[in-house]
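S.K.: Submitted below is the structure of interest, expressed as structure tokens.
The values are calculated or read from the model by the stated rules, or taken from the named source; none is laboratory data. Only a predicted model underlies this, so the values are computations on that prediction, with no experimental measurement involved. Cβ sites come from the backbone with ideal geometry, for glycine too, and all protein chains shown count toward neighbours.
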């Protein structure tokens, strides 16, 4: 299994911490988000990683150099000229992601103890083109699944609904996306979009003809560090993770 870390975001919601550093280098419990994520991937046997960069990208490159890439094969997908969103990011990183191994995609600001092996086993057993880790939690935007197959998406605030499988949307369940997904490398060849685009829109298009599944995560610790006000909660969370 390979992995791609999405680390190119501006970190606007974490200002002022990100006024002079990328979000990936914000420290929680004395360890950067980037190092935490890399260590977790390493512990799960992942040795090949791609990291996209934009905001203060040189700092990420220097950090990796100082730590000798943590003994891993790490490639940099440079988006300093223009942010490409998650879909555009995997398209740009395609040269490093092609091959025969499934590819784990994860946002660098996700704190979790998810069992990646269980995710991989579920993904392979169900022969999915992509498996999206989801949770039952409150949010403004939901992925819609029927029997764990993606059929649509809904924005509760705006009322916008995107439908992949019209005949199945009425019986769909709502789940919140966790920022962790696993794709088959064949998915890369099915991308017809270009430039900047969201990977969720890609999944919704592909779900019309392919199996895009949910992996319902109810047992692991999970947090998306999205706001400066959540720092104390994140510190408490990593103390429990580090103690395990």
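S.K.: Could you list, in sequence order, the residues of region 221-237 that are part of a helix (DSSP H, G or I) and touching a strand residue (DSSP E or B) at 6+ places or on another chain (Cβ under 9 Å)?
M.R.: 230, 231, 233, 234, 235, 237
S.K.: What are the pairs, 6+ residues apart or on separate chains, where a residue within region 90-111 that is in contact (Cβ under 8 Å) with a residue 40 or more places away in the chain and at positive phi has its Cβ under 7 Å from a residue that is surrounded by fewer than 20 Cβ atoms within 10 Å (Cβ to Cβ) and part of a helix (DSSP H, G or I)?
M.R.: Within 7 Å, the pairs are 99/185.
S.K.: Please count how many residues of region 118-131 are within 18 Å of residue 46 (Cβ to Cβ) and either modelled with pLDDT of 95 or more or within 16 Å of the chain's Cα centre (by Cα) (or both).
M.R.: Selection size over region 118-131: 8.
S.K.: Does residue 182 satisfy the condition of being within 25 Å of residue 113 (Cβ to Cβ), at pLDDT below 90 and surrounded by 15 or more Cβ atoms within 10 Å (Cβ to Cβ)?
M.R.: No.
Let's see how each residue does on (1) within 18 Å of the chain's Cα centre (by Cα); (2) assigned to a strand (DSSP E or B):
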site: 59; (1), (2): no, no
site: 62; (1), (2): no, no
site: 81; (1), (2): no, no
site: 91; (1), (2): yes, no
site: 99; (1), (2): no, no
site: 104; (1), (2): yes, yes
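S.K.: Sticking with this structure for a sec: Being within 18 Å of residue 114 (Cβ to Cβ), in a helix (DSSP H, G or I) and over 14 Å from the mean Cα position of the chain (by Cα) is the filter here; which residues of region 41-57 pass it?
M.R.: Within region 41-57, 42, 43 qualify.
S.K.: Oh, and also: Looking at this structure, is residue 128 crowded, with 21+ Cβ neighbours inside 10 Å, in a loop (DSSP other than H, G, I, E, B) and in contact with a strand residue (DSSP E or B) (Cβ under 8 Å, 6 or more places away or on another chain)?
M.R.: Values: crowded, with 21+ Cβ neighbours inside 10 Å: yes; in a loop (DSSP other than H, G, I, E, B): yes; in contact with a strand residue (DSSP E or B) (Cβ under 8 Å, 6 or more places away or on another chain): yes.
It is true that residue 128 is crowded, with 21+ Cβ neighbours inside 10 Å, in a loop (DSSP other than H, G, I, E, B) and in contact with a strand residue (DSSP E or B) (Cβ under 8 Å, 6 or more places away or on another chain).
S.K.: Let me ask something additional. Looking at (1) without any contact (Cβ under 8 Å) to a residue 60 or more places away in the chain; (2) not in a helix (DSSP H, G or I), find the lone condition where residue 196 falls short.
M.R.: Result: residue 196 passes all but (1).
S.K.: Can you tell me which residues in region 133-153 are within 16 Å of residue 208 (Cα to Cα) and either within 19 Å of the chain's Cα centre (by Cα) or surrounded by fewer than 22 Cβ atoms within 10 Å (Cβ to Cβ) (or both)?
M.R.: Within region 133-153, 143, 144, 145, 146, 147, 148, 149, 150, 152, 153 meet the criteria.
S.K.: Checking the condition assigned to a helix (DSSP H, G or I), farther than 25 Å from residue 24 by Cβ and modelled with pLDDT of 95 or more, which residue from 189, 201 passes?
M.R.: Values: 201 fails: farther than 25 Å from residue 24 by Cβ.
Only one candidate passes the filter, namely 189.
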